[in-house]
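K.L.:
The structure's right below; bear with me while I get my questions together.
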Amino acid sequence: MNAHTTFTPDVPPAADTGKRAAPARSPTPADLAITVRDRRFGREDKPSRWWLAGNPVATAWHNALSMTFPRGEAFFIEAVKAHRDGAPERLAEEIRAFVKQEINHTREHVAFNRAAVDAGYQLDHLEQRLIENLELTKGRPAILNLAVTMALEHYTAMMAHDFLANPRHFSGAEPEARAMWQWHSVEEIEHKGVAYDTWLHATKDWTRWKRWKVKSIMMVLVSGRFLKHRWLDTLDLLAQDGLTGWRWKAKLAWYLVGTPGILRRVFPAWCAYFLPGFHPWNHDDRALIADYGDLAGSDYAAARPA
């Protein structure tokens, strides 16, 4: 049986007490439920080598993403926990739920990545490059690690939204693999505001200009590294299938910006990050969650429109 634990904070957001503090009320919905779904996927029916509709490009892209999650989400957890002291009870509850969801995501992507290795892919050198990048974060101010986390959480939330909104992404995928990515996407939407609200709490004594400047610079830097390394990782995995040359680079580019075009489709949401007054919950997309039945849980399924 898969256990569900739901966190529905009923403590109102803390009031704004100074000119430099966060807005009086966070756009995070007052009735937000962050549900920890202890799900396991692919333990019996492991994904095959080209598990996404037999498409090597789609498979390589998602395998490259999955490779980043175990270490990346451990980094997110530590970056958020480093700034939880003094958080209002509502935010403290959300941070606890965020941590539990991310721990489960880590476990499932470890299993998913192991299946990719069993299918014949070598991931060690890709993971080593990720480790080297994470090493660069050591010794710098903890608030910058939170800014990195906030930017990458926006990436996961943008992609999660499109993965759920556009069925084309996982059309023809093997059932267990598709269910794992959808489950992950559901929970990424639920906790998409936690890192941002933690940032608002941690920088409550900053001016709005300083907040905007630091978060915007970090998003630009993070975007450059994220896109460059996922591109290289995907090409590496394709090369392991013997698929090299400009034609396969063109196919990957079309996959990302043409059809289904995840990068093209999330670009407006990426731009929104730089707007004054941005918050992940300015766009409430919880309606998407209700469309995923058991993956969402009974509360969401019951709320789904007829």
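K.L.:
If you place +1 on the Cβ of every Lys and Arg, -1 on the Cβ of every Asp and Glu, and leave all else neutral, what size is the dipole of region 230-270 about its Cα centre, to the nearest 20 Debye?
P.N.:
The calculated dipole for region 230-270 is roughly 220 debye.
K.L.:
Ok, one more. Over all distinct alpha-carbon pairs, what is the Kirkwood Rh of region 171-292 in angstrom?
P.N.:
For region 171-292, inverting the mean 1/r across all distinct Cα pairs yields 17.3 Å.
K.L.:
Output the direction-averaged projected area (hull surface divided by four) of the convex hull of the alpha-carbon atoms of region 143-228, in nm².
P.N.:
6.4 nm²
K.L.:
Can you work out the FRET efficiency for the pair Lys204 and Phe274, with r the C-beta to C-beta distance and R0 = 30 Å, to the nearest 0.05?
P.N.:
E between Lys204 and Phe274, to the nearest 0.05, is 0.90.
K.L.:
Kindly sort Ile131, Ile217, Ile34 by accessible area of their heavy atoms, largest first, with the probe set to 1.4 Å.
P.N.:
Of Ile131, Ile217, Ile34, the descending order of accessible area is Ile217, Ile131, Ile34.
K.L.:
What chymotrypsin sites (Phe, Trp or Tyr not before Pro) in region 239-281 are in a loop by DSSP, with at most 15 other Cβ atoms within 10 Å of the Cβ?
P.N.:
Answer by residue number: Phe274.
K.L.:
Where does the chain land at 222 nm, in deg cm²/dmol rounded to the nearest 500, when only DSSP H runs of n ≥ 4 count, each adding -39500 (n - 2.57), divided by all residues?
P.N.:
That calculation yields -20000 deg cm²/dmol at 222 nm.
K.L.:
Over every pair of different alpha-carbon atoms in the chain, take the mean of 1/r and invert it; report that Kirkwood radius in Å.
P.N.:
Computed over the chain, the radius equals 20.0 Å.
K.L.:
Would you mind calculating the relative contact order of the chain from Cα pairs under 8 angstrom and at least 6 residues apart, reporting the percent as a whole number?
P.N.:
26 percent
K.L.:
While we're looking at this one, here's another question. In nm, to one decimal, how far is the modelled label at Gln122 from the one at Asp85, with both set 7 Å along Cα→Cβ?
P.N.:
It works out to 4.6 nm between the two label points.
K.L.:
Same structure again: Calculate the radius of gyration of the Cα atoms of region 22-87 to one decimal place, then report Dmax, the largest Cα-Cα distance, as a whole number, both in Å.
P.N.:
Rg then Dmax for region 22-87, in Å: 18.1, 50.
K.L.:
Kirkwood Rh over Cα pairs of region 87-205 into Stokes-Einstein at 4 °C, 1.567 mPa s: D in µm²/s?
P.N.:
Estimated via Stokes-Einstein, D reaches 80 µm²/s.
K.L.:
With +1 on each Lys and Arg Cβ and -1 on each Asp and Glu Cβ, and nothing else charged, work out how big the dipole of region 138-190 is about its Cα centre, in Debye to the nearest 20.
P.N.:
280 debye
K.L.:
If each Cα of region 16-172 is one equal point scatterer, what is log10 of I(q)/I(0) from the Debye formula at q = 0.09, 0.12, 0.20 Å⁻¹?
P.N.:
Relative scattering, expressed as log10 I(q)/I(0), comes to -0.38, -0.65, -1.49.
The values are calculated or read from the model by the stated rules, or taken from the named source; none is laboratory data. Predicted model only: the values in this text are computed from it and were never measured. We place every Cβ from the backbone using ideal geometry, glycine too, and count neighbours over all the protein chains shown. The area values use the complete protein model at the heavy-atom level, side chains included, leaving out ligands, DNA and RNA. Shrake-Rupley method; radii C 1.70, N 1.55, O 1.52, S 1.80 Å.
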